[in-house]
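What follows is one structure encoded as C-alpha cells, with my remarks underneath.
The values are calculated or read from the model by the stated rules, or taken from the named source; none is laboratory data. This structure is a prediction, so every number in the text was calculated from the model and none was measured. All Cβ positions, glycine included, derive from the backbone under ideal geometry; neighbour counts span all protein chains shown. Accessible surface areas use protein heavy atoms only, side chains included; no ligands, DNA or RNA. Shrake-Rupley method; radii C 1.70, N 1.55, O 1.52, S 1.80 Å.
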Amino acid sequence: MSLPNVPANNFLQELLASHPQIGQLAWFTVTDQSVNQHQWIQAIIQAGLASYGMPTAITDKTAYLRGLHTLQHTVPQHTLIRRVEHAKDHTTHHWIEESVSQGQVHFRPLAAIERHHATGQVLSHALDTLHEEEDHALAHLSEFIQQAATTFTPSDRRRQIRQWFARAGALQMSHAGPVQFIADAASGLISALTQAQSDLGIHVWTVPLTRTDDVVRTLSDSLDTEVTKKTTALLRKVQTLQETGKDLTPHQQTALLQQMQDLDQRVQHYTEIFGTQLDNLTTQITVAKRAVRQSLLG
C-alpha cells in the first residue's frame, strides 16, 4: 500500500501552525554608569551569556582618549583637549583652558600630552603655570588612563548587547527605534538577559508575537529594508572596485564572497522562520550574486 503524495509545503504549514509563537520583540536600556571590567565579565559568565560572546578588552588608545576626557572634566574651569600632532610613532594633544573676557574668547595652553604608539607610554609637561587643581589633575593622568582601561562605559555595554542580538540573528524593526525581533529559536538569549538584569545593570522589555499574516508581513518588510540596504552597499562596493581597473586582491575576493554568503544565509534563515517565500529578496540576492561573480571573473 503506497503512502499518499503529500506536498512538502503542506507539512511545513502544519508544522508552523502547531507553533503559533514566532518570536518576540525586544528592546533594552542600560544604566547610565560605568562598571568595573572584571565585575561585568563575571556577571556575564554567571548569567550563562559567555556562549554568545565575551566583551573585548579596552584598547590602549581608547583608554588614553578616555583618560584625556576625564582630565578635561576634572577641573572646575572650562578646558579643551585638542590633537595638535599625529605622527607615525606618536600623537600629541594639548590641554587648553578656555575663558571669555570682555566679549573675547581666550585660550591658555595648560599642558602638552604625548602618547607613543609602539609602547603606549604617555608623557606630559606643563606649558604654563598651572593652578593647584590643574597641577593635581595632570599628575593623576596616568591613573585616569588606567581606570579607563579597566572600566566598561554604558556605551561599551550597549554595544556588547547589540552584538549578542546580532549573533542571535535579531532583525532590526524598521521605524521602531531600538526594537528588534528575536526568533523563537533564539529566546534563550532574552531569558538569560532578563534573569540577569540587576547584575548586568540593564532592563529588558519583550512582547511575544503570534504567527499571523500581519506579523509575518511586518517582519518581512523590515527584512526587505535591511537586505535592500546591504545589497545596495555591496553592489556599490563592487562597482567601485571595478572602476579602479585593477584585479581584486585575495582579501577583497574573500570579503565579497563572505558578505554575499551572509546575506544569502540570512534570507534563507528568515524564509524558514516566516514559512513563506521571499521572492523580492531572492531576486535581489540573485542580482548581487551575479555582480559579485562577474567582478571575481574580471
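A few notes on this one:
- Filtering the stretch 52-69 to residues that are assigned to a helix (DSSP H, G or I) and closer than 18 Å to LEU200 by Cα leaves only TYR52.
- Restricting SER155, SER174 to residues that are of a type in the set (Gly, Ala, Ser), assigned to a loop (DSSP other than H, G, I, E, B) and within 18 Å of the chain's Cα centre (by Cα) narrows the list to SER174.
- Matching residues in the stretch 86-105 - criterion: being assigned to a strand (DSSP E or B), open to solvent by 80 Å² or more (accessible area, probe 1.4 Å) and not aliphatic (A, V, I, L, M): HIS86, GLN104
- Residue pairs whose Cβ atoms lie under 7 Å apart, sitting 6 or more positions apart in sequence or on different chains, and linking a residue in the stretch 18-37 that is in a loop (DSSP other than H, G, I, E, B) to a partner that is surrounded by 14 or more Cβ atoms within 10 Å (Cβ to Cβ) and of a type in the set (Phe, Trp, Tyr), are SER34/PHE152.
- Of the residues making up the stretch 177-214, those that are in a helix (DSSP H, G or I), under 22 Å from THR271 (Cβ atoms) and out of contact with any Gly (no Cβ under 9 Å at 6 or more places or on another chain) are LEU189, ASP213, ASP214.
- Of the residues examined, LEU234 is one that is under 20 Å from the mean Cα position of the chain (by Cα), over 20 Å from GLY23 (Cβ atoms) and open to solvent by less than 30 Å² (accessible area, probe 1.4 Å).
- When GLY188, GLY201, GLY169 are checked against the criterion of being open to solvent by less than 50 Å² (accessible area, probe 1.4 Å) and without any contact (Cβ under 8 Å) to a residue 24 or more places away in the chain, GLY188 stands alone in meeting it.
- Check on SER142, assigned to a loop (DSSP other than H, G, I, E, B) and touching a residue at least 12 places away in the same chain (Cβ under 8 Å): no
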